[in-house]
Amino acid sequence: MCGIVGAVAQRDVAPILLEGLRRLEYRGYDSAGVAIVDDQGELQRVRRTGKVAELADAIAETPAPGGTGIAHTRWATHGEPNERNAHPHVSGEDIAVVHNGIIENHEDLREFLKGEGYVFTSDTDTEVIAHLVNLEQKSSGTLLEAVQKAVKKLEGAYGMVVMDRTDTERLIVARSGSPLVIGLGLSENFIASDQLALFPVTRRFMFLEEGDVAEITRTTVSVFDSKGQTVERPAKESDIEHDAGDKGQYRHYMLKEIHEQPDAIANTLEGRLGEHKLNLDILGKDGIEILNKTEAVQIVACGTSYNSAMVARYWFEELAGIPCRVEIASEFRYRKFFVPKNCLFVTISQSGETADTLAALHLAKEQGYMASLSICNVPGSSMVRESDISLMTRAGAEIGVASTKAFTTQLTALLMLVAAIGRHTGMTEAQEAEIVQALRELPHSIKDALALSSDIEALAEDFAHKHHSLFLGRGTQYPIAMEGALKLKEISYIHAEAYAAGELKHGPLALIDDDMPVIVVAPNNDLLEKLKSNMEEVRARGGQLYVFADRGSKMTQADGMKVLPVNEVPEIVAPILYTIPLQLLSYYVAVLKGTDVDQPRNLAKSVTVE
């Protein structure tokens, strides 16, 4: 969601702040702004609705040279997406604040601060922070002390940076439930909500923990925990090789990331496949012992990650022979639940900062789960640091809001996890060898599926003027149908729903007519004949079918049915393969409809608020 960048340097920081914001555009936003203390000691604030490019143009018209500044891209929560609600927010002539998260008690604080004489100029919860720090500073010796006092009065989630016009030597940052990373330079230091924002200026990072408050100057970083005690946070060199700032030959990041999937999956598998067995030594001795003890699995996730978990549920119960429960993280948090014996708690998140999933992990630690494991794409993220063990997907930076390679690499990692647990719960060596071989061949199979791109682009023309669609699948393909529907609605704004095909007669058939496209994923498995019967139910009612079918099924085109053949693959990896044509279909439909493919309206890449 919202993006933060800050800098304390001996050079003009405006270019650094703007480049950082550009690199955070993938998170989704509706306005952007900067505040810089200029060479004359004045606080210069520039805010604009729309894209970072518009903010850059405004700054170019009225340059603000200065070595200390903060910047922000806002995804609206409290208040409309307009300039008056854009960050940074100020209090008086001195205090400026940028903030990610939601302050839940902002209404009470607003009334209190009004009683103290403060005048509010926005509808945001963030302005409360600026005025509260201003108030606390009147009775505090330093800005650090003022922020430490202020955060104790805040309820909710925040990642914030506070700047004082009268003290250009430092920034104060605080983190509770919303990620912040400090970038370490030479006689300059930086702050951001995502390390990607800072790659042009540093590769050394310090990750703040929950409850931390830090004071950042050009030459020092001092970190204090929630009790005000000085603590050490280790500095780490980033080993992320892929800098996704360039779309290369592709029109959109999403298309680039779709085509990166063979390499992304190969990276997920690298060093983890033996000749006939998995090699998960990367989990360490303690991690292997945890997997050996696992008798049940509980997975929580959101959005696309939830769909990958739904596929894994089939795999865990069929291949590993252990019960697996899957829940949306935001629902799991607010109900009573039973914790099975020796149950492994698994969280899945591309960013490792998804607010509801992270909160579910915190809750699970209090409820007696045997251990926690995260499947994640971002080393050093909160979820990775706070889990007992982690299995990294190694997908590389994913910029498009609609997740593609993160999803297929999650599925790949989950299948490896299933096999690793299964070897201790009854899976035979032959079954493990089959999984290993299927995974080894998977990147090549994905390349074959990408070759369907031009055919799918032509197929997409049928959807250009549609408003509704239905996706069908059976077995492990049902969650893939869910993912296909999610992708289409995310980026083309076509209403899309997914159903287990056997549920047609229980409601969805009422929607079928010649204006309702029905997309079907049809691998050649034991459920194919059942699926064909469901398809005939659609055709009999005048519906138009679009079928992605295994070549081995010998399904052919007919009235009311267009068939696009997909190469045969082992059944175990078919869910991963059939994801590819659905991603391409969604992409080309969105292009035809002229939507913002990489940054669809109202959505954010990393959902860091509840």
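The values are calculated or read from the model by the stated rules, or taken from the named source; none is laboratory data. The structure presented is a predicted model; accordingly, all values stated were derived computationally and were not measured. Quick reminder, even Gly has a Cβ in these numbers, built from the backbone with ideal geometry, and neighbours come from all protein chains shown.
Before moving on, here are some points about what is shown:
- Residue within region 566-586 that is of a type outside the set (A, V, I, L, M, F, W, C) and out of contact with any helix residue (DSSP H, G or I) (no Cβ under 9 Å at 6 or more places or on another chain) present: no
- Tally of residues being at pLDDT 85 or above and of a type in the set (Gly, Ala, Ser) across region 531-573: 1
- With respect to (1) surrounded by 24 or more Cβ atoms within 10 Å (Cβ to Cβ); (2) closer than 21 Å to Thr476 by Cα, the lone exception for Glu432 is condition (1).
- Any chance Ala32 is out of contact with any helix residue (DSSP H, G or I) (no Cβ under 6 Å at 6 or more places or on another chain), of a type outside the set (Asp, Glu) and within 20 Å of Ala7 (Cα to Cα): no
- Residue match in region 209-230 (condition: hydrophobic (A, V, I, L, M, F, W, C), farther than 30 Å from Ala500 by Cβ and assigned by the TED database to the domain that holds Pro379): no
- Verdict on Val231 being β-branched (Val, Ile, Thr) and either touching a helix residue (DSSP H, G or I) at 6+ places or on another chain (Cβ under 8 Å) or under 15 Å from Phe407 (Cβ atoms) (or both): no
- Of the strands (runs of 3 or more DSSP E) that lie entirely inside region 31-108, those containing 3 or more residues that are basic (Lys, Arg) span 43-49.
- Residue that is farthest from His252 (Cα to Cα) [pool: residues in region 34-51 that are in contact (Cβ under 8 Å) with a residue 60 or more places away in the chain and of a type in the set (Gly, Ala, Ser)]: Gly41
- Any chance Lys341 is surrounded by fewer than 15 Cβ atoms within 10 Å (Cβ to Cβ) and in contact with an Asp or Glu (Cβ under 7 Å, 6 or more places away or on another chain): yes
- So Tyr493, is it in contact (Cβ under 8 Å) with a residue 12 or more places away in the chain and more than 30 Å from Leu269 (Cβ to Cβ): yes
So that you can scan it fast, the table gives a plain yes or no per residue for (1) without any contact (Cβ under 8 Å) to a residue 40 or more places away in the chain; (2) under 24 Å from Glu571 (Cβ atoms):
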site: Glu237; (1), (2): yes, no
site: Leu273; (1), (2): no, yes
site: Lys277; (1), (2): no, yes
site: Leu283; (1), (2): no, no
site: Ala301; (1), (2): no, yes
site: Tyr314; (1), (2): no, yes
site: Ala320; (1), (2): no, yes
site: Pro323; (1), (2): yes, yes
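- Test result for Asp281, modelled with pLDDT under 85, closer than 18 Å to Thr412 by Cβ and not hydrophobic (A, V, I, L, M, F, W, C): yes
Residue-by-condition table, conditions (1) assigned to a strand (DSSP E or B); (2) in contact (Cβ under 8 Å) with a residue 40 or more places away in the chain:
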{"residue": "Leu415", "(1), (2)": "no, yes"}
{"residue": "Ala419", "(1), (2)": "no, yes"}
{"residue": "Ala460", "(1), (2)": "no, yes"}
{"residue": "Gly475", "(1), (2)": "no, yes"}
{"residue": "Ala481", "(1), (2)": "no, yes"}
{"residue": "Glu497", "(1), (2)": "yes, no"}
{"residue": "Leu504", "(1), (2)": "no, no"}
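- Some residue of region 34-49 being under 18 Å from Thr166 (Cβ atoms) and among the small types (Gly, Ala, Ser): yes
- In region 15-41, the qualifying residues are those that are farther than 16 Å from Asn100 by Cβ and in contact with a strand residue (DSSP E or B) (Cβ under 6 Å, 6 or more places away or on another chain), and the one that is surrounded by the fewest Cβ atoms within 10 Å (Cβ to Cβ) is Asp38.
- Any hit, region 522-541, residues being acidic (Asp, Glu), in the same structural domain as Ile572 (by the TED database), in contact (Cβ under 8 Å) with a residue 40 or more places away in the chain and not in a loop (DSSP other than H, G, I, E, B): no
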